[in-house]
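J.: Mind having a look at this structure? Questions to follow.
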């Protein structure tokens, strides 16, 4: 359903300030707000002594999503989820969000309310307050969220990995990319619904790994969330940490639905995992003597799968992908642009 | 000069991460940054016990500006200035900024560097750090800045005005609107350069009233910055404070260049001041017994003009504009849309 398909009240009938008043209820779901929506700036407090984390992610219609395969609820939810994922990747706790939104003239009030419903539901789940933002008219839909979080003394940078540290990921990779390919190609009917459903969910309703990230604060030596694809994120961690790495191809977790969709689409599942992106899983490094214990703790406390997929090496060994045969090849950062240019392997 | 007119290195030649590396120098100009650009989130500290202020403003090409009458330096500078103005209106001190930027394919690296040069120069002047953001490809230029500031115990909301409080503004009003009309109509040559120059500067290089705002913390009972036009902002303050107001038409400060341009354009100067917007001056209320003294202090400490333009009244008296004749009329919020629909008075 497109934005134009939502009928009812038009934004111009109630104006910017009328719209904001309709969106305001349910925005405050955590503490620390002295003044929320309705002033020149939000006024916030943080836990005394906490470090403040700040991140933003802009989603632009036609580049990051199309309205034809996202409901507004999913869009609002995802715009927040991708920002919470950045806070998770620092080992922090999200606290407040500001919402900059550019709205095309053909969107009705109900469509915008649905965007906010998606945001506010996830915000409530994560005890995050919507404290302000900017609402402007724009020729296309733009969602730019700015999330503030906090870390208690210990946060996890990208830069702390040491040679010998093991590399781990949460969950499974490649499902979001497989889902996106099906959505873009409008090939939903090319695969059975029990395959398509989890892949669509992975792309449209990613789960930020907040509990996992916080458990890893003080444990992981480096961490990043997988937004651009595993290959690209390994390069980021290694680049910032000044190390090399080897990834074991057979250890990279890829789910059954992703493998099945890849087969039906004539793609290599491993390419989806390495270069697909938008998984919003956590990639992190742990000292080898702590890796098994920490992975077990994570699984037990969160129910999330955790896989050891490789290890850090001295920088001069570069970044490589090894196969069970013993063969290994240099791993290019690739990322989503590369992925688009490729057709399987 | 349009974006396409800037030649040299293309963004795609160096990629997103190459671009970010070029923009990074000179970003940190104040303290409190544990980790800036280059991780999943910025890691920041604030003064112990300070309240944190958070605001954002999105500028979209074609809605808020056109590239033909802004240099990229001016655009970057203004995108930050309008956010600093929101911090000023709370009586706060800006500390950190995150920059979300959507970049069309026809922009060269040099153009983007100029946007950042404008931002970084103003940031350095205000001791603000550029600590992160998001850089995406977009079909049109989008600048969305998130500014974090702090207030020391006392901040100035919109909601504290009392009946009897006097209403004051800094600087002069209407110049930005007069400048915009000349720029949009490409009538720069219709007025003498000594008239056009200050009006263009008011529109393209607004000065956030940071020192003035901070002096007013603990003094002003309510404050707002004038982004949508004086009439609209008076309605915001009165609405949030639950009061009415009367503005004295003859007291509203309008400069010589604005009056002259209005005459040449066949506009009423007062309409430019009331409904023009983008002045980024401060509108604030003071208890009557403190008003003259505080206004004098402001003038002396900052060199900025300060005018008493009216007073707050009980809510039931509504919001009115009075003339020296004794006549008074209800003042509609108007604002920029209204302004566009009108042709003088």
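The values are calculated or read from the model by the stated rules, or taken from the named source; none is laboratory data. Keep in mind the model is a prediction, meaning the values are calculated, not measured. Heads up, the Cβs are rebuilt from the backbone with ideal geometry, glycines too, and the neighbour counts pull from every protein chain shown.
J.: Could you please tell me which pairs satisfy a Cβ distance under 9 Å, a separation of 6+ or placement on different chains, a first residue in segment A:203-218 that is at pLDDT below 95, and a second residue that is surrounded by 19 or more Cβ atoms within 10 Å (Cβ to Cβ)?
T.: Pairs that qualify, where the first residue is at pLDDT below 95 and the partner is surrounded by 19 or more Cβ atoms within 10 Å (Cβ to Cβ), are A:218/A:91; A:218/A:156.
J.: So in segment A:28-46, with the set limited to residues that are part of a strand (DSSP E or B) and at the interface with another protein chain (Cβ under 7 Å from one of its Cβ atoms), which one is surrounded by the most Cβ atoms within 10 Å (Cβ to Cβ)?
T.: Within segment A:28-46, the first condition is being part of a strand (DSSP E or B), and the residues that meet it are A:33-35, A:42-44.
From the residues that got through so far, the ones that are at the interface with another protein chain (Cβ under 7 Å from one of its Cβ atoms) too are A:34-35, A:42-44.
Details: A:34: 16, A:35: 20, A:42: 28, A:43: 24, A:44: 25.
Result: A:42.
J.: Which residues, taken from segment B:96-124, are free of Cβ contacts under 8 Å to residues at least 60 places away in the same chain and within 11 Å of another protein chain (Cβ to nearest Cβ)?
T.: Selection gives B:97, B:98, B:99, B:100, B:101, B:102.
J.: Tell me which of these residue A:25 doesn't satisfy, since it passes every other one: (1) over 17 Å from residue A:119 (Cβ atoms); (2) more than 10 Å from chain B (Cβ to nearest Cβ).
T.: In the conditions (1) over 17 Å from residue A:119 (Cβ atoms); (2) more than 10 Å from chain B (Cβ to nearest Cβ), residue A:25 misses (1) alone.
J.: Right, something else. Residue A:259 - would you say it is over 29 Å from residue A:317 (Cα atoms) and surrounded by fewer than 22 Cβ atoms within 10 Å (Cβ to Cβ)?
T.: On the way: over 29 Å from residue A:317 (Cα atoms): yes; surrounded by fewer than 22 Cβ atoms within 10 Å (Cβ to Cβ): yes.
Considered against the rule, which asks whether it is over 29 Å from residue A:317 (Cα atoms) and surrounded by fewer than 22 Cβ atoms within 10 Å (Cβ to Cβ), residue A:259 comes out as yes.
J.: Something else: If residue B:127 satisfies all but one of (1) within 14 Å of chain A (Cβ to nearest Cβ); (2) on the phi > 0 side of the Ramachandran plot; (3) surrounded by fewer than 23 Cβ atoms within 10 Å (Cβ to Cβ), what's the number of the condition it fails?
T.: (1)
J.: Kindly list the number of the only condition in (1) within 12 Å of chain B (Cβ to nearest Cβ); (2) crowded, with 24+ Cβ neighbours inside 10 Å that fails for residue A:140.
T.: With respect to (1) within 12 Å of chain B (Cβ to nearest Cβ); (2) crowded, with 24+ Cβ neighbours inside 10 Å, residue A:140 is out only on (2).
J.: How about segment A:141-158: which of its residues are over 15 Å from residue A:88 (Cβ atoms) and at pLDDT below 95?
T.: A:153
Residue-by-condition table, conditions (1) assigned by TED's automatic domain parsing to the domain that holds residue A:57; (2) surrounded by 19 or more Cβ atoms within 10 Å (Cβ to Cβ); (3) touching a helix residue (DSSP H, G or I) at 6+ places or on another chain (Cβ under 6 Å):
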{"position": "A:267", "(1), (2), (3)": "no, yes, no"}
{"position": "A:276", "(1), (2), (3)": "no, yes, yes"}
{"position": "A:299", "(1), (2), (3)": "no, no, no"}
{"position": "A:312", "(1), (2), (3)": "no, yes, no"}
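J.: Spot the failing condition for residue B:49; the list is (1) under 30 Å from residue A:48 (Cα atoms); (2) surrounded by 14 or more Cβ atoms within 10 Å (Cβ to Cβ), and only one is missed.
T.: (2)
J.: Here's a follow-up. Any residue at all in segment A:182-198 that is away from chain B (no Cβ under 14 Å), within 19 Å of the chain's Cα centre (by Cα) and part of a strand (DSSP E or B)?
T.: No, segment A:182-198 contains no residue that is away from chain B (no Cβ under 14 Å), within 19 Å of the chain's Cα centre (by Cα) and part of a strand (DSSP E or B).
J.: Read through the list (1) over 30 Å from residue A:118 (Cβ atoms); (2) part of a helix (DSSP H, G or I), then give the number of the only condition that residue A:201 fails.
T.: It fails just one condition, (1).
J.: Regarding residue B:117, is this residue at pLDDT below 95 and in the same structural domain as residue B:138 (by TED's automatic domain parsing)?
T.: When the stated conditions are applied, residue B:117 does not pass them.
J.: Now a separate question. How many residues are within 12 Å of chain A (Cβ to nearest Cβ) and crowded, with 20+ Cβ neighbours inside 10 Å when one looks only at segment B:143-176?
T.: Count: 13.
J.: Additional query: Please enumerate the residues belonging to segment B:131-170 that are part of a loop (DSSP other than H, G, I, E, B) and in contact with a helix residue (DSSP H, G or I) (Cβ under 9 Å, 6 or more places away or on another chain).
T.: The answer is B:141, B:156, B:157, B:158, B:159, B:160, B:161, B:162, B:163, B:164, B:165.
J.: Can you tell me which residues in segment A:47-95 are part of a strand (DSSP E or B) and facing chain B (nearest Cβ under 7 Å)?
T.: Across segment A:47-95, the qualifying residues are A:51, A:52, A:53, A:54, A:55, A:56, A:57, A:58, A:60.
J.: Mind listing whichever residues of segment B:308-332 are over 16 Å from residue B:222 (Cα atoms) and under 23 Å from the mean Cα position of the chain (by Cα)?
T.: The answer is B:331, B:332.
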